[in-house]
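Participant: Please find one structure pasted underneath; my questions will follow.
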Amino acid sequence: MLPRHNQNSAKEIMVLLGSVSRGVACVVLVVICSVAFECHAQVLPPDEVDTLKTIAMKLQNKYWNVSETSCSGGIGLNVPTLPLGMTSNVTCNCSFTNNTVCHVTNIQLKGLNLKGIFPNEFSKLTYLTEIDLTNNYINGSLPTTLSQIPLTIMSALGNRISGIPKEIGNIRTLEELVLEDNLLEGTLEPNIGKLSRLRKLQLSANNFTGTIPESFGNLKNLETFRIDGSTLAGKIPDFIENWTRITRLDMQGTSMEGPIPSSISLLKTLTELRISDLKGSSSNFPNLQGMNMKTLILRNCLLTGSIPDYIGEWTSLTTLDLSFNGLTGQIPDTMGAALDYMFLTNNSLTGVVPSWVTSSKQSFDLSYNSFTGSSPSSCQQSQVNLVSSYSSNGSNSLWCLEKDLPCSGKAQHSSLFINCGGTKMTFQGNQYEEDTSPYGPSFFFASSEKWAYSSSGVYMGNASADYRLDNPFSLTVNDSKFYQTARISPSSLRYYGLCLMKGSYKVRLHFAEIQFTNDETSNSLGRRIFDVSIQGNQVLKDFNIAEQAGGVGKGIYRDFDNIYVNGTTLEIHLYWSGKGTTAIPYRGAYGPLISAIAMTPNFDVGGAGLSAGAITGVVVASIVLLASILLALRLSGFLGNREVKDPELYGLDLQIGYFTLRQIKVATGNFDSVNKIGEGGFGPVYKGTLSNGTTIAVKQLSSKSKQGNREFLNEIGMVSALQHPNLVKLYGCCIEENQLLVIYEYLDNNSLARALFGRDEQLIELDWATRKKICLGIARGLAYLHEESRLKIVHRDIKATNVLLDKELNAKISDFGLAKLDEEENTHINTRIAGTLGYMAPEYAMRGYLTDKADVYSFGVVALEIVSGKSNTNYMPEEEFVHLLDWAYVLQEQGNVLELVDPRLGSDYSEEEAMRMLNLALLCTNPSPTLRPPMSSVVSMLEGKSAIQAPTIRRSTTNPDPRFRAFDRPANHSQTNVTTFSQDTHQVPRSVFTEGARIDPSASFTRTDKTCDHSSGSKPLPNV
């Protein structure tokens, strides 16, 4: 093909041919030949030909056939007949040396599935201004030699690029750097900040860590910045105010901290803003007044307050997502006519739903709010999702509008099977329900009152992407047919089991990755990452189906046992937190995916549906019966040193697993001291392995224990009725010969106390994120005990030694030997005192006044230990302080509370988060129980969903010594009976009452003036 200027010359000469004689025509033909020769003379230099051939060889590019005339003829480099999504385009500039020499300026090789290492040879094409290798399978780092050429565009989206060299900062001509959906990791390259001409910087869906470099503030010509999905730390930087030309800013799923800086109000050219899943404290809505947004996504950003009215004045707004925040107030009365998608789910919005919403034909999601007024006739009004959006107001609301989706009639279902995204089918004798609805942006579907799903969100860059999949690449999927289909969502997907009988269920979730391929092409590079919660408790974090299954097209399932239904609804929530790839194999390929769901009961269906009171009665009666039997046997000497085998014990129905002594001896090597992993007030604890390979922890009743029998009964009776991810799991017990044994799941990392302040070889390096996770896990476990369980429980002995850590360092509360039932009709429990000094609330330690706020106090002490890395009972910073909590009070008054932070953390922690947790710890340890927050509020504060008001505890005017001010008030009303604990013996002395205080044997007492009052109250509740 001739270059354009040569084509025009030839046409002019042809015109001349019509007006000349035959003789002159011969001369003209010579001229034409000269022009044609000039065309063929436009050649690529030999060195560029060789360079292109080398690049083709290294990238295994079968589409190129390079020659010197490839530019002038267009043959050998450009392939116009490729399928949609594939591009092979090379542009040349042939204006050199009197239009005889060409140089390559642009190379676009997109969707060709090229392989190999990123070639260094690109740098030999000295006139090259664009390299676009989008959607291939190219490895390695960007070459350092790219700084030798005048690049303006460098795009390698959707490859396997693993590094950006510091020399990138030397490409001063660069205007676009697009490296989304790659394998980049480590800190962001600060030299990118030297690219003063940069307009587009897209780095989403990589694995960057650290913070956004300060040098990025120099990118004053930036128009697009995308950094979704990396685990970045720190706050959103204030220097974004320098990006005054920016039009699109994406920071989803980065783990950065809020609030959104006020300087964002200076970005008046901004039309697309996407920020999600911020950490830290809550904040008001950012000031965006004066802008005219097209897309605004502020999902799960800890926002509070009302939705600004000025949003309704944005005439260009098409997508608004403010879901998963704490917004209050009403929906604005008006909104721009261009609005297509609005997501306000999971807020605290109130008032009447405006008519412009209910009458809309657009996709709006208002689910999970607290609206009032006249309720609609349906939970799905056209494309408006209203599930669980109204405050419960009796007969005026449909069941699906109310919180927790209560059954409108009698709960009658005890199992459920759903083929997500697929047709009705039978598997292993169970019939799986059909789930083929194609709708998703803001849709609620209910199959009568048996099951339902709610989907929310619109795909970035591809609003028409599917919400159900049908094996688009025809992968060969083994196992069941239901792995051939799936339901998918770009943001939030909830499934509900409805009208379920109360009780414990086993939930099995099936997954298979069918949206990516298993070959070495760009379609295989997708990474799907999402979270899963059941009944509000997160059970899977950053879950990657293909990674867990060992590849795509492979079905796997995850079981979650002992999931309790206290009402009539079981909720499974799948949520995209902004991580993973979003443009492979095409834009909009991301979000949670599920293949099938199975729910089965752990109870006899005929006996399901007992009330909490009935359950309490059964538990108490069973334990009283067992206690009577054990007491009789002990009085007869059968449970002392004499060996006995009593068949009556074997026949006792404990509703838990029963192990023989032989099994336990084999598992523990006959209680070999090598397998001993700890010891508490109950007795020694051994590690064991059952014949099926299950690793267990065995608590053995010590013959020296004065309370072992009672605690044994309490523990098996209590824990068998409680199941939660943050409570240790009970496998069973053994009552045989002279042994009382409790068998638990084995937790790899032992106790929190050992991890924080054990011997040097026992210490675990707990970073700040892990400490936060542990603290939140303890809080969730206590919230379950106090408020969510059908049996309301006060633990009474929360301390670091009773918090165990699993392999992933998740916290699990253990040791329920002292736990007590807290019946709802009782304002408090007057009880005999038991617990551990240093962790007991003052009103309980002094007066025996027990409520769940005693556990809140203990939690506050443990939270303080987690932040400081020091034991409350063993640490004395100076002689004038009794323990760690005293020191914390003084530092809080002095405004130096951050001095408590564990020095082992160095500077690798968030001061704001540390201050937040310390203030929460002091709030929980307030001397007044009424001023301590309930544990559900503590969870909300730790999650950043509500603010923390730091307590102000001032020195007493009558007793200025800070060591004792927390005990002034209770001591003034307590009885005078005092027991002193000896420094030498660590023994628990006898009290004048029937039950003395239980003291942690690991606690060290360095003074003899520490006392604990033991007060009897009214008739105590039975230990259960």
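The values are calculated or read from the model by the stated rules, or taken from the named source; none is laboratory data. Everything quoted here is computed from the prediction, not taken from an experiment. Every residue, glycine as well, gets a Cβ built from its backbone with ideal geometry; the counts of neighbours run over all protein chains shown. Quick note on the areas: whole protein, heavy atoms, side chains included, nothing else; ligands and nucleic acids left out. Shrake-Rupley method; radii C 1.70, N 1.55, O 1.52, S 1.80 Å.
Participant: For the ranges 793-799, 95-101, 349-355, 739-745, what's the packing order if you count other beta-carbon atoms within 10 Å of each residue, average per peptide, and put the highest first? All intermediate terms of the calculation are to be shown ahead of the outcome.
Facilitator: Working: 793-799: 26.0, 95-101: 13.7, 349-355: 16.3, 739-745: 21.6.
Highest to lowest by the protection proxy: 793-799, 739-745, 349-355, 95-101.
Participant: Rounded to a whole number, what % of the accessible area of segment 166-227 do carbon and sulfur atoms account for, probe 1.4 Å?
Facilitator: 41 percent
Participant: Could you grab the relative contact order for segment 201-315? Cα pairs under 8 Å, six or more apart, rounded to a whole percent.
Facilitator: Numbers: 268 pairs, mean separation 23.3, N = 115.
Reported relative contact order: 20 percent.
Participant: Search the structure for amide H atoms under 5 Å from the amide H of Ile297, placed 1.01 Å from N in the peptide plane, and list their residues when 5 or more places away or on another chain.
Facilitator: Those qualifying (amide H under 5 Å, at least 5 residues apart or on another chain) are Leu273, Arg274, Ile275, Asp321.
Participant: Also, I was wondering about something else. Give Lys676/Lys729; Lys200/Lys220; Lys729/Lys870; Lys729/Lys807; Lys820/Lys945; Lys279/Lys870 a once-over and call out the pairs whose C-alpha atoms are over 21 Å from each other. Walk me through the numbers before you get to the answer.
Facilitator: Details: Lys676/Lys729 19 Å; Lys200/Lys220 11 Å; Lys729/Lys870 28 Å; Lys729/Lys807 14 Å; Lys820/Lys945 30 Å; Lys279/Lys870 26 Å.
Where the Cα-Cα span goes over 21 Å, the pairs concerned are Lys729/Lys870; Lys820/Lys945; Lys279/Lys870.
Participant: Determine the shape class of segment 406-537: with a ≥ b ≥ c the square roots of the Cα gyration tensor eigenvalues, call it rounded for a/c under 1.5, and otherwise prolate if a/b is greater than b/c, oblate otherwise. Display every interim value, and only then the final one.
Facilitator: On the way: a/c = 2.07, a/b = 1.54, b/c = 1.35.
Prolate is the answer for segment 406-537, as a/c is 1.5 or above and a/b outweighs b/c.
Participant: Toward the positive end of the charge dipole of segment 317-461, about the Cα centre and with charges on Cβ (Lys, Arg +1; Asp, Glu -1), which of Ser437, Gln362, Pro406 goes farthest?
Facilitator: Pro406
Participant: Heads up, I need the accessible area for Asp559: 1.4 angstrom probe, whole protein in place, Å², nearest 10.
Facilitator: That residue has around 60 Å² of solvent-accessible surface.
Participant: Please list the non-local residues whose amide H lies under 5 Å from the amide H of Leu327, H modeled 1.01 Å from N, same-chain partners needing a gap of 5 or more.
Facilitator: Ser348
Participant: Okay, next question. Per residue of segment 344-349, in order, report the coupling 6.51 cos²θ - 1.76 cosθ + 1.60 (Karplus, θ = phi - 60°) as ³J(HN,Hα) in whole Hz, putting x for Gly and Pro.
Facilitator: 10, 5, 6, 10, 10, 5
Participant: With θ set to phi - 60°, apply the Karplus curve 6.51 cos²θ - 1.76 cosθ + 1.60 along segment 917-925 and write out the HN-Hα couplings as whole Hz, x wherever there is a Gly or Pro.
Facilitator: Per-residue couplings from phi come out as 6, 5, 4, 5, 4, 5, 5, 6, 9 Hz.
Participant: A follow-up question, please. So for segment 37-153, averaging the separation of alpha carbon pairs under 8 Å that are six or more residues apart and normalising by length, what relative contact order in percent results? Numbers along the way, then the final one.
Facilitator: On the way: 239 pairs, mean separation 27.2, N = 117.
Dividing the mean separation by the residue count of segment 37-153 yields 23 percent.
Participant: Here is a follow-up. Taking Cα pairs under 8 Å and at least six residues apart, what relative contact order does segment 115-260 come out at, in percent? Could you put the intermediate results ahead of the total?
Facilitator: On the way: 392 pairs, mean separation 22.9, N = 146.
The normalised contact order for segment 115-260 reaches 16 percent.
Participant: Let me ask another. Treating only the Cβ of Lys, Arg, Asp and Glu as charged (+1, +1, -1, -1), what charge dipole size does segment 474-597 show about its Cα centre? Round to the nearest 20 debye.
Facilitator: Values: 13 positive and 10 negative charges, 60 e Å.
It comes to approximately 280 debye.
Participant: Tell me which lysines have Cα within less than 19 Å of Lys410's Cα, excluding those fewer than 8 residues away on the same chain?
Facilitator: Lys450, Lys502
Participant: Further question: Could you pull out every residue, at least 5 positions away or on a different chain, whose amide H is within less than 5 Å of the one on Ile117? Hs are placed 1.01 Å off N in the peptide plane, and Pro or chain starts have none.
Facilitator: Under 5 Å from the amide H of Ile117: Asn139.
Participant: Spelling out what I want: for every residue of segment 300-311, take phi, set θ = phi - 60°, compute 6.51 cos²θ - 1.76 cosθ + 1.60 (Karplus), and round to whole Hz; glycine and proline get x.
Facilitator: Residue by residue, segment 300-311 yields 6, 10, 6, 7, 10, x, 9, 6, x, 5, 5, 4 Hz.
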